[in-house]
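Inspection log for the structure reproduced underneath, given as structure tokens.
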Amino acid sequence: MEYIVEKIGMSRTIDTSSTPVTLLRLINTKICEVCDEKCDEKKAIVAYADGKAYNKAIAGIQKKYSLSKEFNKFATLSLENAELGDQNLDVLSKAKIVKVSFKSKGKGYQGVIKRHGFAGGPAAHGSRFHRRPGSIGNCEWPGRVQPGMRMAGHTGNETITAKNEVISFDAENKILVLKGSVPGFNGAMGRIRIVK
């Protein structure tokens, strides 16, 4: 069972032993179409609201499923119930562990020290080797750079999946409280899957 969520941010519990928690808001999704019986897992096309994106392609899908203009994004989720309309949230009150998938924070083009944690060279004057990667290849054999060499490049903005324990679920405000941190920036859209 999957749900689309928005990351609100981090907080902590006010018990004697304070626990860091992440707050996630469940996005209102409408089930538009359910996969036929031939599929191994029940999958469905769902619609949800995200920003003000609108074009003729979105208008055509909205007309096909008779949706209002606010539902402008579409995704495929694995579901248990095959009923069209609003997604069922009752299962979340019993959930104990969920898998959370978000895109990590994008940090642009970074060097090897920030990207891979290289030590770098001496900081003193005259060393001429401060934050550079150093030697990257072999000499005579194989005479090329090996695949998987850790080098400078684009950092972050990758889909990361983490397993978190459910602390509580507020069904009225649709807010899920998870133990620990979750990848991504505040306001990022992701998805959760109930594991247990």
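The values are calculated or read from the model by the stated rules, or taken from the named source; none is laboratory data. Computed from a prediction, not measured in an experiment: that's the story for all the values here. Positions of Cβ are generated from backbone atoms using ideal geometry, with glycine treated the same way; all protein chains shown enter the neighbour counts. Side chains included, ligands, DNA and RNA excluded: accessible areas come from the protein's heavy atoms. Shrake-Rupley method; radii C 1.70, N 1.55, O 1.52, S 1.80 Å.
Have a look at His125, His116, His130, His154 and point out the one that is surrounded by fewer than 10 Cβ atoms within 10 Å (Cβ to Cβ) and free of Cβ contacts under 8 Å to residues at least 60 places away in the same chain.
Numbers: His116 fails: surrounded by fewer than 10 Cβ atoms within 10 Å (Cβ to Cβ); His130 fails: surrounded by fewer than 10 Cβ atoms within 10 Å (Cβ to Cβ); His154 fails: surrounded by fewer than 10 Cβ atoms within 10 Å (Cβ to Cβ).
Unique residue meeting the criteria: His125.
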### Query
Looking at segment 88-102, which of the residues that are closer than 21 Å to Asn28 by Cβ and either touching a His at 6+ places or on another chain (Cβ under 9 Å) or not in a loop (DSSP other than H, G, I, E, B) (or both) is most open to solvent (accessible area, probe 1.4 Å)?
Asp90
### Message
If I filter segment 29-52 for residues that are of a type in the set (Gly, Ala, Ser), part of a loop (DSSP other than H, G, I, E, B), surrounded by 10 or more Cβ atoms within 10 Å (Cβ to Cβ) and within 20 Å of the chain's Cα centre (by Cα), do I get at least one hit?
### Response
yes
### Task
Being basic (Lys, Arg) and surrounded by 16 or more Cβ atoms within 10 Å (Cβ to Cβ) is the filter here, so list the residues in segment 56-87 that pass it.
Lys73
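Here is a yes/no grid of residues against (1) farther than 21 Å from Pro20 by Cα; (2) in a loop (DSSP other than H, G, I, E, B); (3) of a type in the set (Gly, Ala, Ser); (4) within 16 Å of the chain's Cα centre (by Cα):
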{"site": "Ile136", "(1), (2), (3), (4)": "yes, yes, no, no"}
{"site": "Arg144", "(1), (2), (3), (4)": "yes, yes, no, no"}
{"site": "Arg150", "(1), (2), (3), (4)": "yes, yes, no, no"}
{"site": "Asn157", "(1), (2), (3), (4)": "yes, yes, no, yes"}
{"site": "Gly190", "(1), (2), (3), (4)": "no, no, yes, yes"}
### Summary
Matching residues in segment 61-85 (without any contact (Cβ under 8 Å) to a residue 60 or more places away in the chain, in a strand (DSSP E or B) and within 22 Å of the chain's Cα centre (by Cα)) number 3
### Message
Tell me yes or no: at least one residue of segment 142-150 is in contact with a strand residue (DSSP E or B) (Cβ under 8 Å, 6 or more places away or on another chain) and either under 25 Å from Asp50 (Cβ atoms) or open to solvent by 60 Å² or more (accessible area, probe 1.4 Å) (or both).
### Response
no
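Could you tell me whether Ile113 is in contact with a Cys (Cβ under 6 Å, 6 or more places away or on another chain), among the hydrophobic types (A, V, I, L, M, F, W, C), on the phi < 0 side of the Ramachandran plot and not in a loop (DSSP other than H, G, I, E, B)?
Details: in contact with a Cys (Cβ under 6 Å, 6 or more places away or on another chain): no; among the hydrophobic types (A, V, I, L, M, F, W, C): yes; on the phi < 0 side of the Ramachandran plot: yes; not in a loop (DSSP other than H, G, I, E, B): yes.
When the stated conditions are applied, Ile113 does not pass them.
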